[in-house]
Amino acid sequence: MNSSPALSSSPAAPRATRPLALPRGPLTSLTSLARRSPLARRARRGSILIVAMIFASVIAIALTSYIKLASTALNLSQRSFLANDTMNLTEAGLEQGLWSFNQAIAGDANAWAGWTISGNNATRTFTGFALSQNATGTAKVYVQNYNSSGTPAPLIVAQGVVTPAGGGGAINKLVEVRLIRRSLFANGMVGRNGITFSGTNASVDSWNSDPDNNSATAAIAYSGGVRHDLGSIAAVNVTANISVQNADIWGFASVGGPSTTAIQVGSQGVVGPFGTAAGTKDPSRVASNFTDNLPDAVNPTIPAGYTTPTIASISGAYTLPRGTDSAASDGVYYYNIGSISETGAATNILQITAGRKVVIIVTSPVGTTGINVAGNGGINLGAGSTLAIYTASDIKIAGNGLLNPNTQPISCQIWGTATSAGSQAIEIAGNGALSSVTYAPEANVKINGNGDVLGSVVGYTVTVVGNASFHYDESLANWGGSNPFQISKWRELVSATDRATYASALGF
């Protein structure tokens with residue numbers, strides 16, 4: 001029996017271990033070389049520097065853009081602020097011109113001292129304005145017709161110039177204004193709550209019956225040879241419209257609302273100077289934001305110590321003043337009359353004696369007809385006479401109407417004394433000529449006919465029916481004593497064309 005080797009009971013001795021040897025190929029050698037090469041380390045640092053520089057450049061560009069944007073915004077803000085200063089300078093120049101006009105009206109011989117006068121025009125430069133942000137400013141003012149008493153209507157153009165301290169170019173603002181005297185009849189036709197033309201050939205123009213503003217010289221009658229394109233119509237309330245339709249408004253139209261779209265012109269209508277094409281409203285002849293002070297009319301003040309005769313009613317053939325009546329201390333004959341009715345036969349005429357001044361206060365209440373003229377009846381003024389009618393009642397004048405042979409419309413006056421809007425009606429109809437002024441700010445005034453209406457009309461509403469031709473007497477703007485001037489039209493000159501109009505005038 002074969003025996004197997006004997007098993008040792010003691011443990012076998014452990015084998016010695018060695019680190020695992022990696023093959024030393026080409027890749028391992030290059031990696032090891034790269035770790036030890038200074039050139040490689042510099043290349044690595046260069047890459048990092050390039051990336052850092054790129055990031056820095058992006059940040060610098062972004063920061064530069066932000067600074068530039070902030071600087072631009074600041075400059076725009078500053079110029080916008082200075083633009084307001086420029087407009088303030090411009091309006092200050094306008095106020096200086098207006099002040100000189102009103103000082104002259106008040107009798108100040110030095111009203112235009114310091115201005116350069118050339119013919120009928122005046123110019124002046126105002127300097128020395130030190131503004132915020134070290135900016136400087138000047139104002140140039142050009143006045144056309146500086147010596148006008150109201151007609152022709154004066155014009156003022158002011159130019160404000162502000163030069164910023166940091167450069168960037170001067171800021172310019174130009175404004176044009178037209179002036180009128182503060183008279184109840186400073187405009188030809190005013191409807192507080194609107195004007196409507198419903199005829200097909202109605203027209204509005206103007207003339208001046210007293211161009212030298214001197215009552216001692218002969219007045220000038222209206223004719224085609226002396227007519228002007230300065231007829232003016234206006235609506236005061238901000239919601240009021242002017243419906244021109246197919247009428248020819250040779251002059252100006254103004255509304256109280258914020259936009260001239262309230263002035264509506266038909267395909268054959270015109271608002272503008274002579275020669276304006278049909279269907280057109282000239283932008284320079286229309287205006288918005290029109291305002292005017294139109295107080296209610298009141299009965300006249302009777303001179304102290306005068307006893308006013310009272311007449312219950314007048315009809316048929318009648319003459320005033322009566323032979324037994326006396327004038328008041330001011331030379332006027334005053335009457336309280338219940339009503340006037342002249343209708344029917346041609347003999348039914350209320351005659352005002354030539355050369356006399358008569359005032360009639362019709363006492364019929366609101367809502368009744370205080371004056372009624374129809375058929376062949378009429379109210380006639382004698383040559384050189386004047387008539388003023390005051391009433392809160394309705395007035396209807398048709399037939400032979402109100403005949404005034406005097407050249408100036410102011411010689412015949414109608415005053416509507418109603419105090420509630422639309423509570424009075426004044427209707428004037430006929431195919432003849434009516435020369436008068438009507439002031440009735442609470443009355444609905446209607447003009448119906450195909451004749452000529454000369455003078456001025458102020459009502460709550462004004463409606464022109466038919467083909468009446470309305471001729472505004474420009475001298476009425478001066479009526480009422482030393483009335484100051486006010487602005488009738490304000491326009492900023494923005495376009496190059498508008499500014500070029502006054503480039504020569506402002507070139508001083």
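The values are calculated or read from the model by the stated rules, or taken from the named source; none is laboratory data. Values in this document were obtained by computation on a predicted structure and should not be read as measured data. So basically every Cβ, Gly included, is an ideal-geometry build from the backbone, and we count neighbours across all protein chains shown. Heads up: the accessible areas ignore ligands, DNA and RNA and are worked out on the full protein's heavy atoms, side chains in. Shrake-Rupley method; radii C 1.70, N 1.55, O 1.52, S 1.80 Å.
Table for the structure above
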read-out	value
Extension gain (nm, one decimal) between Ala216 and Glu95, 0.36 nm per residue minus Cα-Cα	40.2 nm
The stretch 303-455 - accessible surface per residue (Å², probe 1.4 Å)	37 Å²
Residues of the stretch 48-168: accessible area per residue with a 1.4 Å probe, Å²	56 Å²
Protein accessible area in the stretch 71-176, 1.4 Å probe - carbon and sulfur %	48 percent
Percent of beta bridges antiparallel (DSSP, the chain, rounded to nearest 5)	25 percent
Additional length obtainable on full extension of the chain from Asp108 to Val51, 0.36 nm per residue less Cα span	12.4 nm
Volume per residue that the Cα convex hull of the stretch 282-335 spans, once the total is divided by residue count, Å³	218 Å³
D_trans [Stokes-Einstein, Kirkwood Rh over alpha-carbon pairs] for the stretch 454-508, 4 °C, 1.567 mPa s, µm² s⁻¹	82 µm²/s
Cα pair count fraction exceeding 34 Å, expressed as % - the chain	53 percent
Probe 1.4 Å, all protein chains present, accessible-area order of Arg285, Arg44, largest first	Arg44, Arg285
Formal net charge of residues neighbouring Phe274 (Cβ-Cβ distance under 15 Å; K, R +1; D, E -1)	-1
Amide H within-cut-off set for Tyr333, under 5 Å, with H built and near neighbours excluded	Ala328, Lys357, Val358, Val359
Filtered trypsin sites (Lys or Arg not before Pro), the stretch 341-424: DSSP coil and at most 13 other beta carbons within 10 Å	none
Highest to lowest packing among 406-414, 303-311, scored as the average C-beta count within 10 Å	406-414, 303-311
Spin-label zone in the stretch 366-390 - amide nitrogen under 16 Å from a point set 7 Å from the Cα of Gln351 along the C-beta vector	377-386
Square roots of five times the Cα gyration tensor eigenvalues for the stretch 167-238, Å	31, 22, 14
Net charge of neighbours whose Cβ lies under 14 Å from the Cβ of Glu492, counting Lys and Arg as +1 and Asp and Glu as -1	+2
Gyration tensor verdict on the stretch 45-196 (Cα atoms; rounded if a/c is under 1.5, prolate if a/b is larger than b/c, oblate otherwise)	prolate
Per principal axis, descending, Cα span of the stretch 147-191 in whole Å	51, 28, 12
Computed label-point distance, nm, for sites Asn120 and Asp325 using a 7 Å Cα→Cβ extension	4.2 nm
Distance (nanometres) between label positions extended 7 Å along Cα→Cβ at Ala505 and Ala62	5.7 nm
At 0.890 mPa s and 25 °C, Stokes D of the stretch 301-374 from Kirkwood alpha-carbon radius, µm² per second	186 µm²/s
Karplus-derived HN-Hα couplings along the stretch 413-426 (A = 6.51, B = -1.76, C = 1.60, θ = phi - 60°), whole Hz, x at Gly and Pro	10, 10, 10, x, 9, 4, 10, 10, 4, x, 7, 10, 10, 10
Rg and Dmax of the stretch 71-159, Cα atoms only, in Å	16.0, 54
Viscosity 0.692 mPa s, temperature 37 °C, Stokes-Einstein D of the stretch 365-466 from Kirkwood C-alpha radius, µm²/s	246 µm²/s
The stretch 268-426: C-alpha pair distances exceeding 23 Å, %	47 percent
